[in-house]
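Below: one structure, written as structure tokens.
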Amino acid sequence: MSDLFKNYIDGKWLAGASAKTFENRNPANRDDLIGLFPASAAADVNAAVAAAKRAFPNWRLVPAPKRGELIYRVGELLRKHKEDIARSMTREMGKILKETRGDVQEGIDTAFYVAGEGRRLFGETTPAELPNKFAMSVRTPIGVCALITPWNFPMAIPTWKMFPALLCGNTVVLKPAEDTPHTAVRLVEILQEAGVPPGVVNLVHGRGEEVGATLVRHCDVQLVSFTGSAAVGREIASACGQHLKRVSLELGGKNGQIVMEDADLELAVEGALWGAFGTTGQRCTATSRLIVHHEVTKQVTDMLVERAEKIKIGDGLDENVEMGPLINQAAREKVLKYIDIGSREGARLLMGGSVYAAGSCANGYFFQPTIFDQVTPSMRIAQEEIFGPVLSVIKIKNFEEAIEVLNGTAYGLSSSIYTRDVGRAFRAMRDIEAGITYVNGPTIGAEVHLPFGGVKDTGNGHREAGTTVYDIFTEWKSIYVDYSGKLQKAQIDNAE
Ligand code: NAD
């Protein structure tokens, strides 16, 4: 008998309106069934949104420092259960324990950072242009927020959205990815234990095209915060456009790391390996292009291949393993398709390129670390998001070409340059078109107190994390108090 999980609506764990369920299996071992989850329908979405709507009037009036204290308790509980949650996350989505621990830590960091904001959430007080008049701006909550999240950071991403949304006085409905519903259950259990009032947080499992699409179009959902693929992001943005809803989008990437001839090559190679093969290349910030100065290309690729061949592949629950499986069969087919595309485009496959099925890995979705060289910037493998352990090496003549190549994709999330030349480093910081730039660090590893997001097709101009996230989850209200006792007309009574 497998575990049967439920939705969380109005403070209660409830079965889906229909009896339909979907399976959640361990990508490292398909025989390992984690459980069955409700394949929810419109009725479940409606119930969750109605609960969130009912809870909103009271929650918005809870003082922000008190809302912050609740989130602080959530942070403490996440810390207490960190190891256990990390283990269940590795079992659910495959990345190695070191990384799932980091994923939970990101949730903890976000909780503590957001909790403090409960005593800030600053607006501005300003002078007024007329006598005996007071002016200020304050942030106000928006209402019911739909949070739609991907599977690759199943704890960090829901917490990046949920904690600031709640701190600001909104209520939420979370729709997690079909591949990671269990981590969402763990998170909501912790919110419940911390004492979140009924209806303030709701969780509805199910397919994106059904549950996600219904949520996005629901007339009582005022805001949609989405992280996922650009294709789905476009669809959500157009639906939100029709309904004039606020929508924040965090989408894909085709991140590049530049290696100049003056770089510390040991450091650059170490960074590229971590950026390209960490999380099996399934990060929005993964390094998928290595843009290398021609004088050091041979040396860098030799070093890369020598080290990538030693990466230990296997079940992420084994502490010695360095790279886990891909998330599912569709992901593996997509990676295989791009290996074929790259080879046919004329890139040279230096290593990898195949399914990895040694020993017990035959039962999971494993793939070899893969490196192509002789890649040109316009090839599809240098332009499109593969979302797997595939690194494309592009040779460049000089710094100017490196920047041009790095900027030459539709995306603009993360970027990196390895150089010892401070002038080049500063020019790169200025000229790279991306939301994140690292100098002498890989493209991955963002910290929660800085804005997170990208330019061009990576999003629609919002930034999560940092203090910028509050611009997603609040409306600004300008308030004027006239205590002059007479009608005073701005721009008119005080005109020259
Ligand atoms: P996805 O777009 O397939 O799914 C994301 C979520 O959207 C899931 O919960 C899914 O069920 C839901 N969904 C799917 N179709 C929907 C629809 N029509 N309406 C409403 N919801 C729908 O993405 P994924 O495969 O889960 O995640 C991988 C993608 O996410 C990659 O492109 C990656 O770059 C991106 N990502 C971006 C960031 C970022 O912050 N920029 C972070 C992590 C992942």
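The modelled label-to-label distance for the pair residue 433/residue 140, using points 7 Å beyond Cα in the direction of Cβ, is 3.8 nm.
The range 429-496 and the range 235-257 have Cα centres separated by 17 Å.
Please state the shape class of the chain: rounded when a/c is under 1.5, otherwise prolate if a/b exceeds b/c and oblate if not, all from the C-alpha gyration tensor. Oblate, since a/c reaches 1.5 and b/c is not below a/b. When the helices of the chain are scored as -39500 (n - 2.57) per DSSP H run of n ≥ 4 and the total is divided over every residue, the value at 222 nm lands at -11500 deg cm²/dmol. In this simple spin-label approximation, residue 31 and residue 447 carry label points 7 Å from Cα along the Cα→Cβ vector, and these lie 4.6 nm apart. If a spin label sat at a point 7 angstrom from the Cα of residue 62 along the line to its beta carbon, the backbone N atoms of the range 169-208 nearer than 16 Å would be those of 169-174, 188-203. Rounded, prolate or oblate for the range 252-295? Axes are the square roots of the Cα gyration tensor eigenvalues, ordered a ≥ b ≥ c, and the cut-off for rounded is a/c under 1.5. Judged from the Cα gyration tensor, the range 252-295 comes out oblate (a/c at least 1.5, b/c at or above a/b).
Checking the cross-link pairs 82/312; 95/337; 175/337; 66/133 against a 27 Å limit on the alpha carbon distance flags 175/337; 66/133 as lying beyond it.
For 166, 349, the sequence from fewest to most other C-beta atoms within 10 Å is 349, 166. I'd like the antiparallel share, as a percent to the nearest 5, of DSSP beta bridges with both residues in the chain. So the antiparallel bridges in the chain amount to around 45 percent.
Applying 1/(1 + (r/R0)^6) with R0 = 51 Å to the Cβ-Cβ distance of residue 455 and residue 486, what FRET efficiency is obtained, to the nearest 0.05? That gives a FRET efficiency of 0.55. Measuring nothing but how far apart in sequence close Cα pairs (under 8 Å, 6+ apart) lie, relative to its length, the range 198-309 scores a relative contact order of 21 percent. With a threshold of 28 Å on the Cα-Cα distance, the over-threshold entries among 53/456; 12/161; 98/397; 53/254; 6/334 are 53/456; 98/397; 53/254; 6/334.
Measuring between their Cα centroids, the range 324-386 and the range 184-233 lie 32 Å from each other.
Loop-resident GluC sites (Glu not before Pro) (DSSP state other than H, G, I, E or B) in the range 253-348 with no more than 13 further Cβ atoms inside 10 Å of their Cβ: 295, 309, 319. Counted without the sites themselves, the longest stretch of the chain free of chymotrypsin sites (Phe, Trp or Tyr not before Pro) in a DSSP loop having at most 15 other beta carbon atoms within 10 Å is 123-482.
Taking 0.36 nm per residue of sequence separation and removing the Cα-Cα distance, the residue 132/residue 193 pair yields an extension gain of 17.1 nm. How would the range 285-343 be classified by its alpha-carbon gyration tensor: rounded, prolate or oblate, with rounded meaning a/c under 1.5 and the a/b versus b/c comparison settling the rest? Since a/c reaches 1.5 but b/c is at least a/b, the shape of the range 285-343 is classed as oblate. Its residue count N fixes a reference of 2.2 N^0.38 Å for the range 178-251, and the Cα radius of gyration divided by that reference is 1.20. Dipole size of the chain about its Cα centre, with +1 on Lys/Arg Cβ and -1 on Asp/Glu Cβ: approximately 1220 debye, rounded to the nearest 20.
Of the beta bridges in the range 61-177, as assigned by DSSP with both residues counted there, near 40 percent are antiparallel. Tell me the GluC sites (Glu not before Pro) within the range 127-205 that lie in a loop according to DSSP and have at most 13 other beta-carbon atoms within 10 Å. Of the GluC sites (Glu not before Pro), the ones in loops of the range 127-205 whose Cβ has at most 13 other Cβ atoms within 10 Å are 129. Quick test of the membrane-span-like rule: which DSSP H helices of the chain reach at least 15 Å along their long axis (C-alpha atoms) with mean Kyte hydropathy at least 0.0? Both cut-offs are met by 42-59, 156-167, 181-194, 230-243, 265-277.
Give the distance, in whole Å, between the Cα centre of the range 406-427 and the Cα centre of the range 64-114. Taking the Cα centre of the range 64-114 as reference, the centre of the range 406-427 is 31 Å away.
The Rg/Rh ratio of the range 319-434, with Rg taken over Cα atoms and Rh as the Kirkwood radius over Cα pairs, comes to 1.04.
Only the coordinates and a few stated rules stand behind these numbers; no lab work does. No experiment lies behind these values; they were computed from the predicted model shown. Using ideal geometry, Cβ is built from the backbone for each residue, glycine included, and neighbour counts are taken over all protein chains shown.
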